[in-house]
1. List every residue pair whose Cβ atoms sit under 6 Å apart, with the two residues 6 or more apart in sequence or on different chains, where the first one lies in the stretch 173-187 and is more than 20 Å from Val103 (Cα to Cα) and the second, anywhere, is among the polar types (S, T, N, Q) and surrounded by fewer than 18 Cβ atoms within 10 Å (Cβ to Cβ).
2. For residues that are without any contact (Cβ under 8 Å) to a residue 40 or more places away in the chain and surrounded by 14 or more Cβ atoms within 10 Å (Cβ to Cβ), scanning just the stretch 40-61, find the one that is nearest to Ala86 (Cα to Cα).
3. Within the stretch 168-178, identify whether any single residue is of a type in the set (Asp, Glu) and modelled with pLDDT under 90, and answer yes or no.
4. Cβ contacts < 9 Å: first residue among the charged types (D, E, K, R), restricted to the stretch 1-12; second residue at pLDDT 90 or above, any location; separation 6+ or different chain. Result?
5. Pick from Leu9, Leu78, Leu49: which is at negative phi and modelled with pLDDT under 90?
6. Could you please find all residues in the stretch 173-214 being among the aliphatic types (A, V, I, L, M) and either within 13 Å of the chain's Cα centre (by Cα) or loosely packed, with under 15 Cβ neighbours inside 10 Å (or both)?
7. Please note which strands (runs of 3 or more DSSP E) are completely contained in the stretch 1-62 and include at least 3 residues that are within 28 Å of Ile158 (Cα to Cα).
8. How about the stretch 163-192: which of its residues are touching a strand residue (DSSP E or B) at 6+ places or on another chain (Cβ under 9 Å) and at positive phi?
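The values are calculated or read from the model by the stated rules, or taken from the named source; none is laboratory data. Keep in mind it's a predicted model, so treat the numbers as computed, not measured. Don't worry about glycine lacking a Cβ; one is built from the backbone with ideal geometry, like all the others, and counts go over all protein chains shown.
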Amino acid sequence: MTTTELLTLPDTANHHDHKFHQLVFGLEGKTEFDIQGRGENVGLGRGCLVPSSTDHAFCGVGENRIVVINIPAEKIELAPMQEQIARLFDTPSYFTLDSQRQVLLQAICQEIKQTPADSPLLQACGQTLLLSIQNLIKSPTPRRTHSYIDQTAIDLHIQLNMHRKISIIELAGISFLSPSHFHACFKENTGVTPHQYVLHKRLEQGREKLTAGWNVLQTAEHCGFSSQSAFTHAFRDHFNTTPARCRKTAIQA
């Protein structure tokens with residue numbers, strides 16, 4: 001049976017092999033993999049295919065999280081596509097997700113976080129990602145000849161990760177651009193820097209939550225602010241009122 005889990009890798013190097021295939025996606029932070037002498041970083045937007053009985057080394061770098069899907073080597077339970085899926089694991093490889101699949105990964109991970117370990121939904125999540133990678137490798141996305149930013153993918157990534165720090169590196173990764181190039185293109189497209197844009201999204205979300213009756217501390221934490229006072233200061237500068245007044249006005253309306 002296919003199993004799916006979220007893991008944080010230790011910062012000490014480990015290596016092993018196992019009797020099942022493994023599909024790995026970078027989700028947060030950075031991890032390092034070495035598969036048969038080929039080492040690469042597996043961060044957001046990157047992943048790797050590890051065939052069964054293949055020795056591989058791995059370690060985390062600081063705070064990290066990966067999605068791991070374990071697939072039985074003797075029988076891939078995805079008929080009638082068993083043979084096509086099995087071919088994915090003929091050789092170890094690394095891959096890069098396009099922006100649409102990054103959004104899919106983020107959405108599925110939200111389900112995984114809220115799903116009990118014994119739920120059949122976990123298997124369905126893993127199979128969905130596995131089939132998506134099969135399609136990606138079968139028909140790779142052509143390289144773009146110009147700088148392109150998928151604003152919808154950027155917005156959804158911000159929404160799904162509102163509770164934590166969002167770096168320009170991971171936003172740039174969604175668009176397959178270097179951080180400096182992404183920063184320049186983003187500002188040209190939107191008129192604000194990526195940092196300002198994320199802050200505005202946090203504050204807009206904060207106002208929605210306050211209007212819905214959330215308390216100030218709960219809202220600050222949900223929207224990724226380091227403290228209630230930091231949220232209050234930024235909210236007042238942006239909306240010319242305090243979060244407490246905003247909430248009180250909404251409740252009285």
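1. Cys185/Ser147; Lys187/Thr193
2. At the first step, the residues of the stretch 40-61 found to be without any contact (Cβ under 8 Å) to a residue 40 or more places away in the chain are 41, 52-54.
Next, from what is left, pick out any that are surrounded by 14 or more Cβ atoms within 10 Å (Cβ to Cβ): 52, 54.
Values: Ser52: 11, Thr54: 15 Å.
Once the filter is applied, the top-ranked residue is Ser52.
3. Residues of the stretch 168-178 that are of a type in the set (Asp, Glu), as a first pass: 170.
With modelled with pLDDT under 90 added as a condition, the list becomes 170.
Scanning the stretch 168-178, I find at least one residue that is of a type in the set (Asp, Glu) and modelled with pLDDT under 90, so the answer is yes.
4. Short answer, once both residue conditions are applied: Glu5/Val67; Glu5/Val68; Glu5/Ile69; Glu5/Asn70; Asp11/Cys59; Asp11/Gly60; Asp11/Asn64.
5. Numbers: Leu9 fails: modelled with pLDDT under 90; Leu49 fails: modelled with pLDDT under 90.
Only one candidate passes the filter, namely Leu78.
6. Initially, the stretch 173-214 is screened for residues among the aliphatic types (A, V, I, L, M), giving 174, 177, 184, 192, 198-199, 203, 210, 212.
Listed by number, the residues that qualify are Ile174, Ala184, Val192, Ala212.
7. Correct list: 3-7, 20-35, 38-43, 46-50.
8. Once the filter is applied, which keeps residues that are touching a strand residue (DSSP E or B) at 6+ places or on another chain (Cβ under 9 Å) and at positive phi, the stretch 163-192 yields only Phe176.
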